[in-house]
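Engineer: Quick one: the structure is below, questions incoming.
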Amino acid sequence: MLAGSVVCVKFAPVAIAATGKNDPREVVADELAGQAVTFLFSPFLALESASVGQVWAVAAAGFVLFRIFDIAKPWPICRFEKFPKGWGILADDLVAGVFAWTVLQICIKLFVIS
């Protein structure tokens, strides 16, 4: 998560200047950081009692949840993309990761941990 964040903030301004887009698709370090937030501490909550199928289901659910929040950008996620330069590119993905993490933890508690 930290590496993706640093790379995004440091190099995103160059990508913005080169493409003329505020959030260029060529920058994927923000996605890496957001996905990392989604899975932060998740394996530690479920590994003891989860089957291999449940672990794969958690991984798939986390990926899908992050993508939904990242693409839909519900409030307040959309407000974070207005930060300047690389910070805006990164911040909305980190907050989408927090939203996805929250929903994923609820799903783990309801469906995986018995």
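Just so it is clear, none of the values below were taken in a lab; they were calculated from the coordinates. It should be emphasised that the depicted structure is a prediction, and the values quoted were computed from it without experimental measurement.
Engineer: Of (i) 17; (ii) 46; (iii) 32, which is the value of percent of Cα pairs over 23 Å apart derived from the coordinates here?
Structural biologist: (iii)
Engineer: Which whole-number percent gives the relative contact order of the chain, counting Cα pairs below 8 Å spaced six or more residues apart?
Structural biologist: Worked out over the chain, it gives 36 percent.
Engineer: Here is a further query. What helices does the chain have that are whole DSSP H segments, at least 20 Å long along their own axis by Cα, and with mean Kyte-Doolittle hydropathy of -1.0 or more?
Structural biologist: Once both thresholds are applied, what remains is 2-19, 52-72, 85-107.
Engineer: Show that you can apply the helix-only estimate: for the chain, add -39,500 (n - 2.57) for every DSSP H stretch of four or more residues, divide by all residues, and state [θ] at 222 nm to the nearest 500.
Structural biologist: Only helices count here, giving -22500 deg cm²/dmol.
Engineer: Test of understanding: in a Gaussian network model of the chain with alpha carbons linked when under 10 Å, which of Lys85, Lys21, Lys73 would top the mean-square fluctuation ranking?
Structural biologist: Lys21
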